[in-house]
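What follows draws every value from the coordinates through simple rules; no lab data is involved. Quick caveat, the model's predicted, so the values are computed rather than measured. No Cβ is skipped: glycine too gets one built from the backbone with ideal geometry, and neighbour counts run over all protein chains shown.
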Amino acid sequence: MHHAGRTRLLVGMEPDAQRPLDLAFARAVAWLEAVPERHVAPATGVDAVQDRLGRVLPEVGQDPAAVVGRLADAVEPALIASQSPRFYGWVIGGTHPVAVAADWLVTAWDQNAAMREPMPGTSAVEELAGRWLLDLLGLPDTASVGFTTGATTANLAGLAAARHRVLADAGWDVEAHGLGGAPRVRVLAGAERHGSVDLALRYLGLGAATLVAADREGRIDVAALEAELARSSDPTIVVLQAGNLHSGAFDDVGAASDAAHRHGAWVHVDGAFGLWAAATPRLAPLAAGLARADSWATDAHKTLNTPYDCGVSFVAHPADAVAALGAQASYLVATASGLDPWTLVPEMSRRARGVPVWATLAALGRSGVAALADGLVDAAALLADELRTLTGVEILNDVVYTQVCVTFGADERTAAVADALRAQGEVYASTSRWQDRTVLRFSVSNAWTDAEQVRRTVEAVRRAIDAVP
Ligand SMILES: *Cc1c(COP(=O)(O)O)cnc(C)c1O
C-alpha cells in the first residue's frame, strides 16, 4: 500500500521511526564493506563495550536512532571479523549479501513461522527451501525438513525422532510414559563425535553414548560398530558423522547404515558442515551412502554461508519426527498434512529462518552451491600444499574436505606460532587439541576464500613462524 507524502512506519510510533532503520542499514553496509580488510581479532573486550554503553538501566527512554548509533559505535571495535575471507576459526562461514537481505526482510515481516496456515507467506518459502535442500543433498524426497537454531538442535530433533521409533518398536510409548521403566536405549557413536551430540543425548535423557573406535582421521570403525551392534538386542541408535571437526573426514555412512539396519537400529548423521559435500558431484565419494541413514542434521549458517541462526533437521520418517516433537493444543492451527513447522523442531514460536536459505539457493542455483563446496575444498587443498612448503610445518590430517590441522613442532611452539598469527590480525585460525597434539586448525568455510586469500594466509603464517624463535 502506497501513501502520499512521508511514509509513516509502525503505526502509533513516532513519525521518524525510519531513522533507526536507515542508520542501522548504513552501519551494517559499512561493516560488511570493512570486513575483508579489517583486523580480524576484536580490538576491545566485553568490559570496554559495557563501559561505553553504560551499565545502568536508563530511567527514561532515549532517541531510538541515538541508541542504534551508540550500539554500533560501542560494539564494532569488539567484533571479530568472522566474515573475513581469511577467517578460519571454529567452523563459521561468511554471509552472502542476498541472505543478509532476506534475513532483514524476515525481521521486518516478523512472522511466527510455527504455523503453516496462518503464516502462508514465509511457510511457502521455507517449504520450497526444504524441498530444494533434499534435492541438492540427495536425501529422500519424502523426508521432513525442520529449520532449527543450529546443528545442536537439529541433532536433538533427529535423535528425538530416533528415540521415539526405537522405543515404539520395543513396545514403549516414551512420549506418554517417559524413560522411567522404559527399555534401555543404547546409543553408539564414534569416538570423535561432536560435543553437540553428547548435549542432544543429555537433553533426551539418554545419557552418554557408548563410544565406538575411530580411525586416525576420526572415522568410525565400521567393523567395531558391527561387533558392538551384535553385542545386544536393546533398542539402538547409531550416531554417525559427515565431516570431522579436525580432519573433515566422513564416516562410511552407507556401510555403517547397512550394518545398523541389519540390527534394527536407527541411524542419525551429524553433518553440520559436511552434508554439503553431497551437493557437488566431485565430492560424491565422501557422501556415498548418506541417503541410507534415517535422520540428518546440518547447518546453513556454516557451509552455505547464511547468517546465524540456521540449522536444518531432516527425518526420513516424518511420522516419527511429529510423534516426538509435535505438540497438541486447541489453538494451534494444523494443516491437513500434519507437517506443520512446529511439529518438526523443538521450537514453537520462531523466526522464518528458512527464508535466507531459500534466497541463497535461488541466487546460487544448483551449480552455484556445487561451486561453493568445491571452492572451499580447493582452497583447503591449496592451503595445505602451500603450508607444507614452510619450514617446520606438518599437516596432521588427510585434507579431503575443508579442514586443515597444522603443527609447527612441539606443542608450545605450535601454540606460540598460533598466537603470533592471530596477533598480526590478518588471519584467524583456532588452536585445538587433536591426536594428542596442539594444532592450529584452519576451517575453510568462507565462500570468498580463493587462491589469492590463501596466498595472503600463507604469507601471514610465514611471518608468524619467523616471529617465534
Ligand atoms: C558446529 C557443529 C555442530 C553444532 O552446530 P551449532 O550450529 O553450533 O549448533 C555439530 N556438529 C558439528 C560437526 C559441528 O561442526
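Descriptive notes on the structure:
- Rg(Cα) / (2.2 N^0.38 Å) computed for segment 243-305, rounded to two decimals: 1.10
- For GLU412, the shell of other residues with beta-carbons less than 12 Å away shows a net charge of 0, using +1 for Lys and Arg and -1 for Asp and Glu.
- Percent RCO, i.e. relative contact order, over the chain, from Cα pairs under 8 Å lying at least 6 residues apart: 21 percent
- Helical mean residue ellipticity (222 nm; -39500 (n - 2.57) per DSSP H run of 4+; nearest 500) of the chain: -13000 deg cm²/dmol
- Neighbour net charge for SER144 - beta-carbon separation under 14 angstrom, K R +1, D E -1: -3
- Three principal axis extents of segment 59-125 based on alpha-carbon atoms, in descending order, are 43, 43, 19 Å.
- For segment 344-454, the alpha carbon positions stretch 48, 32, 27 Å along the principal axes, listed from largest to smallest.
- Our note on the geometry: Cα centres of segment 412-469 and segment 337-387, 26 Å apart.
- Computed packing ranks the peptides 385-395, 77-87 as 77-87, 385-395, most packed first, by mean other Cβ atoms within 10 Å.
- About the centre of its Cα atoms, the chain shows a dipole size close to 200 debye [charges on the beta carbon of Lys, Arg (+1) and Asp, Glu (-1) only; nearest 20 debye].
- Toward the positive end of the charge dipole of segment 76-175, with +1 on the Cβ of Lys and Arg and -1 on the Cβ of Asp and Glu, the farthest Cα among THR152, GLN111, TRP132 is that of THR152.
- Proportion of all alpha-carbon pairs of segment 221-276 beyond 14 Å (%): 50 percent
- Karplus-based coupling profile of segment 54-70, in residue order and whole Hz: x, 9, 9, 4, x, 6, 10, x, 10, 4, x, 5, 5, 4, 4, x, 5, with θ = phi - 60° in 6.51 cos²θ - 1.76 cosθ + 1.60 and x standing for Gly or Pro.
- Using C-alpha pairs under 8 Å with a sequence gap of at least 6, the mean separation divided by the residue count of segment 20-161 gives a relative contact order of 20 percent.
- Under the Karplus curve 6.51 cos²θ - 1.76 cosθ + 1.60, θ = phi - 60°, whole-Hz ³J(HN,Hα) for segment 19-31, x wherever Gly or Pro sits: 4, x, 5, 4, 5, 4, 4, 4, 5, 5, 5, 4, 4
- Summarising the amide proton neighbourhood of VAL312: residues at separation of 5 or more, or on other chains, whose placed amide H is nearer than 5 Å comprise THR148, THR298, ASP299, ALA300.
- Considering segment 144-263 at the alpha-carbon level, its Rg and Dmax are found to be 14.2, 43 Å.
- Hydrodynamic radius of segment 117-167 per Kirkwood, over alpha carbon pairs, in Å: 12.4 Å
- Between amide H atoms placed 1.01 Å from N, distances below 5 Å from LEU240 occur with HIS268, VAL269, ASP270, all of them 5 or more places distant or on a separate chain.
- Ranking TRP342, GLN403, THR360 by Cα position along the charge dipole of segment 328-414, where only Lys, Arg, Asp and Glu carry charges on their C-beta atoms, puts TRP342 farthest toward the positive end.
- The equivalent ellipsoid that matches the C-alpha gyration tensor of the chain spans semi-axes of 36, 34, 20 angstrom, in descending order.
- Ranked by the mean number of other Cβ atoms within 10 Å per residue, highest first, peptides 143-155, 230-242 order as 143-155, 230-242.
- Each 5 Å bin from 0 upward holds the following percent of the Cα-Cα pairs of segment 274-425: 1, 8, 12, 14, 14, 13, 12, 9, 7, 5, 3, 2, 1, 0.
- When the Cα positions of VAL68, GLY45, VAL322 are compared along the charge dipole of the chain, VAL68 comes out farthest toward the positive end, with charges on each C-beta of Lys, Arg, Asp and Glu.
- Per residue, the average separation of C-alpha pairs within less than 8 Å and at least 6 apart gives segment 210-257 a relative contact order of 37 percent.
- Cubic angstrom per residue, convex hull over Cα atoms of segment 199-242: 86 Å³
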